[in-house]
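Here, each number is a calculation from the coordinates, and none is a lab measurement. Note that the structure is a prediction, hence the values are computed from the model and not measured. As a convention, Cβ positions derive from the backbone with ideal geometry for all residues, glycine included, and neighbour counts pool all protein chains shown.
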Amino acid sequence: MSQDRTLNNAELLSVLDWYRAAGVDLAMGEDPVDRFAQKPPAASAAIARPAPAPTAAPVATGPVGGDPSEARRLAGSAGSLEQLQAILGDYDGCGLKLRATQLVFADGNPDARIMLIGEAPGAEEDRQGKPFVGRSGQLLDRMLGAIGLDRTQVYIANTVPWRPPGNRTPTPEEMELCLPFLHRQVELVAPKLVLTLGGPAMQTVFNTTAGIIKMRGKWQDVRIGTHEVHAMPTLHPAYLLRNPAAKQQAWKDMLSLRLEAEGLGLL
Ligand code: URA
């Protein structure tokens, strides 16, 4: 059924809510553009004609296509976590920043010997500026609590520090730009144990295309940046919320983390 009338405020707000829930969080322009109706410019004409003068304000596409070597240089210049956070706060190379509310750098204890690495901030993390504070964060707290740990005994970060629009997985380009900062963060924290949460974080940290179900629960020695560390992937709490039966496997992994930490004299 189509209605040919102007929407009232309550209806407009619910349309906005619907867009937000669907992951639309950036207004690109005042008027819709039907790009399917546009004809591609003829190649020869495009070469012959002088560049048109700019008309409307540019659409906020942002600084996409940053330079990974610049990201590496900047990350490498940080001598402390505070400096790294400040550098990331000023860094405009990754387009994710443009659509995020704020930087989500880390939570927990920077002196902790156990580091947890998730994928990317979600909506609640984006609002609060801290990793794992939404529903999956609450489950993560319970998982830590089940082995006698809390956030004062671990340090928590993500592979990318800005929320991808609509919680999509970061693109390989975004990952490449953010990875030097994660590497530096790990070097500066210098944890003895790393737990990665979920498939994308595992693939990034272990530099593998293997699946999480096959890899979870297995300890490996990996180099993250220049830091060599004992690391294990486990399932992401968000996955456990959707698949409660998998909590049994996550529980085994958490026990393994506890035993490994005790074995190293960390607890
Ligand atoms: N999921 C993540 O991977 N990281 C967060 O910070 C929150 C949810």
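For region 202-230, what are the residues that are closer than 22 Å to Asp111 by Cβ and small (Gly, Ala, Ser)?
Gly225
Checking Gly137 against (1) touching a Pro at 6+ places or on another chain (Cβ under 9 Å); (2) of a type outside the set (A, V, I, L, M, F, W, C); (3) surrounded by fewer than 21 Cβ atoms within 10 Å (Cβ to Cβ), which test does it fail?
Answer for Gly137: the failing condition is (3).
Look through Arg151, Arg113 and report the one residue that is surrounded by fewer than 21 Cβ atoms within 10 Å (Cβ to Cβ), touching an Asp or Glu at 6+ places or on another chain (Cβ under 8 Å) and either of a type outside the set (Ser, Thr, Tyr) or farther than 21 Å from Val205 by Cα (or both). Break it down stepwise before answering.
Values: Arg113 fails: touching an Asp or Glu at 6+ places or on another chain (Cβ under 8 Å).
One residue alone meets the criteria, Arg151.
Surrounded by fewer than 16 Cβ atoms within 10 Å (Cβ to Cβ) and away from the ligand (no atom under 13 Å from the Cβ): which single residue out of Pro172, Pro191 fits that description? Even if it seems obvious, please write down each step before you answer.
Details: Pro191 fails: surrounded by fewer than 16 Cβ atoms within 10 Å (Cβ to Cβ).
Answer to the check: Pro172.
In region 247-260, which residue that is aliphatic (A, V, I, L, M), more than 16 Å from the ligand (Cβ to nearest atom) and within 19 Å of Gly118 (Cβ to Cβ) is surrounded by the most Cβ atoms within 10 Å (Cβ to Cβ)?
Just the residues of region 247-260 that are aliphatic (A, V, I, L, M), to begin with: 250, 254-255, 257, 259.
Narrowing the set further to residues that are more than 16 Å from the ligand (Cβ to nearest atom) leaves 254-255, 257, 259.
With the extra rule that they be within 19 Å of Gly118 (Cβ to Cβ), the set shrinks to 254, 257.
Numbers: Met254: 19, Leu257: 25.
Only one residue tops the list, namely Leu257.
Which of the residues that make up region 112-136 are more than 8 Å from the ligand (Cβ to nearest atom), more than 12 Å from the chain's Cα centre (by Cα) and touching a residue at least 40 places away in the same chain (Cβ under 8 Å)?
Ala112, Arg113, Ile114, Met115, Leu116, Arg135
Which fully enclosed strands (runs of 3 or more DSSP E) of region 158-267 have 1 or more residues being without any contact (Cβ under 8 Å) to a residue 24 or more places away in the chain and of a type outside the set (A, V, I, L, M)? Spell out how you get there, then give the answer.
Values: elements: 193-197, 220-224, 227-234.
Those strands (runs of 3 or more DSSP E) span 220-224, 227-234.
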